[in-house]
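**Q** I have a structure I would like to understand better, so I am pasting it below and will then ask my questions one at a time.
Derivation of every value follows stated rules applied to the coordinates shown; laboratory data play no part. Just so we're clear, the structure is a prediction, and the values are computed from it rather than from any experiment. Counting neighbours? That spans all protein chains shown, and the Cβs are built from the backbone with ideal geometry, glycine included.
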């Protein structure tokens with residue numbers, strides 16, 4: 001079996017026509033809450049959380065990257081329930097104002113609740129927080145709380161939810177912070193902490209920015225229902241819809257489109273229609289006629305949806321979902337991901353002649369590698385069904401390879417690979433110790 005590699009542009013682009021761009025931007029630019037029947041009122045929303053807070057003499061403590069706020073919102077009434085903040089520990093180094101290195105952890109004492117004006121984007125919350133102050137050098141851990149606050153977009157410095165992606169700023173000031181909870185076992189320095197921060201105090205401030213979390217979604221067309229013997233002689237054109245919204249008219253086999261930023265954690269209904277006489281009109285199309293009619297939930301920073309046929313005797317085509325690792329990477333390296341989206345059983349992936357691991361349908365393997373060209377092959381029962389072929393892993397780029405198609409004798413569409421390249425950021429460099437140890441050579445490890 002010969003290897004065939006599709007050849008879209010080296011960097012994936014948002015759409016292959018003006019209509020495709022309009023479709024995905026229409027979906028992204030829709031209001032955060034659309035009119036919904038009461039039966040579908042409860043929607044979970046996930047937001048990126050940033051901002052800062054003041055507690056007495058400790059001012060401008062920044063909420064760290066990686067913080068999120070998730071809540072359930074009634075899309076009819078705007079009622080907010082089950083609000084939960086996830087905030088990594090804040091590390092405060094010793095300085096002229098902080099005598100010793102301190103770790104601060106802010107957590108919910110109770111789920112936040114509130115209201116969301118769906119017409120104006122104004123938000124008001126009732127929140128309770130616990131504050132843990134840890135001093136590793138002693139060691140000592142002191143607890144403060146609960147701290148009751150009422151952040152709102154209507155207060156000084158606040159702003160209602162607006163923009164793309166939607167964002168809002170909620171503020172509060174002058175709320176009370178009590179003294180440290182006395183616990184001689186864990187916090188023998190409670191008096192010193194109270195004195196240093198000036199507790200109890202109302203010299204407080206809170207500024208929270210919430211930004212709708214989005215997932216970069218890439219769409220991959222791996223369905224060739226016409227069954228051409230070659231992967232580049234036409235394929236099956238489809239129209240991709242989300243309800244009545246046209247996302248991708250005239251989407252061709254082997255094409256990759258993205259990223260399409262979609263709201264993280266929110267269900268999207270996606271339909272794929274086979275075109276018989278030009279693009280399908282999504283506004284009038286019947287989802288019952290769709291080749292694929294599937295709900296998908298964007299998760300993580302990035303993911304790929306591959307329109308493909310799973311293995312099996314009688315299995316309908318589907319959108320196979322693959323998470324994409326787009327985390328930062330060391331300078332001089334790239335990331336290689338192999339994804340099994342073919343109508344085939346378990347396979348083994350080889351890189352430079354060595355096994356990188358086995359894959360079943362719907363699974364992927366990934367590793368960070370020095371930028372170079374690698375020989376990649378996919379084996380079934382010890383025999384290659386794809387490759388070996390050279391795959392270039394570029395510096396600072398994720399190269400994802402989606403394997404689609406049928407085994408010999410089980411379909412006219414051969415097993416082919418569709419590549420996707422995504423630019424990555426370079427990780428911040430941590431200064432080496434004064435006398436660094438010699439690095440040990442190690443083979444790359446593929447994970448999946």
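**Q** For residue 120, put the label point 7 Å out on the Cα→Cβ axis and report which residues of region 152-186 keep their amide N under 18 Å from it.
**A** Residues 152-163, 167-172 fall inside that zone.
**Q** Modelling each spin label as a point 7 Å along the Cα-to-Cβ direction, I'd like the residue 96/residue 289 distance in nm, to one decimal.
**A** 7.4
**Q** Using alpha carbons only, how many angstrom separate the centre of region 138-192 from the centre of region 316-395?
**A** Measuring centre to centre over Cα atoms gives 46 Å.
**Q** Please give, to one decimal in nm, the separation of the simple spin-label points placed at residue 103 and residue 383, each 7 Å out from Cα toward the Cβ.
**A** 5.6
**Q** Can I ask one more? Which FRET efficiency value, to the nearest 0.05, do you get for residue 77 and residue 277 by plugging their Cβ-Cβ distance into 1/(1 + (r/R0)^6) with R0 = 56 Å?
**A** Details: r = 45 Å, r/R0 = 0.80.
Calculated transfer efficiency: 0.80.
**Q** State the extension gain, in nm to one decimal, for the chain segment bounded by residue 155 and residue 141, taking 0.36 nm per residue of separation less the distance between their alpha-carbons.
**A** 1.7 nm
**Q** Here is a further query. Pop the C-beta distance of residue 44 and residue 390 into the FRET formula with R0 = 56 Å and round what comes out to the nearest 0.05. It would help to have the intermediate numbers written out before the result.
**A** Values: r = 44 Å, r/R0 = 0.79.
Computed FRET efficiency for residue 44 and residue 390: 0.80.
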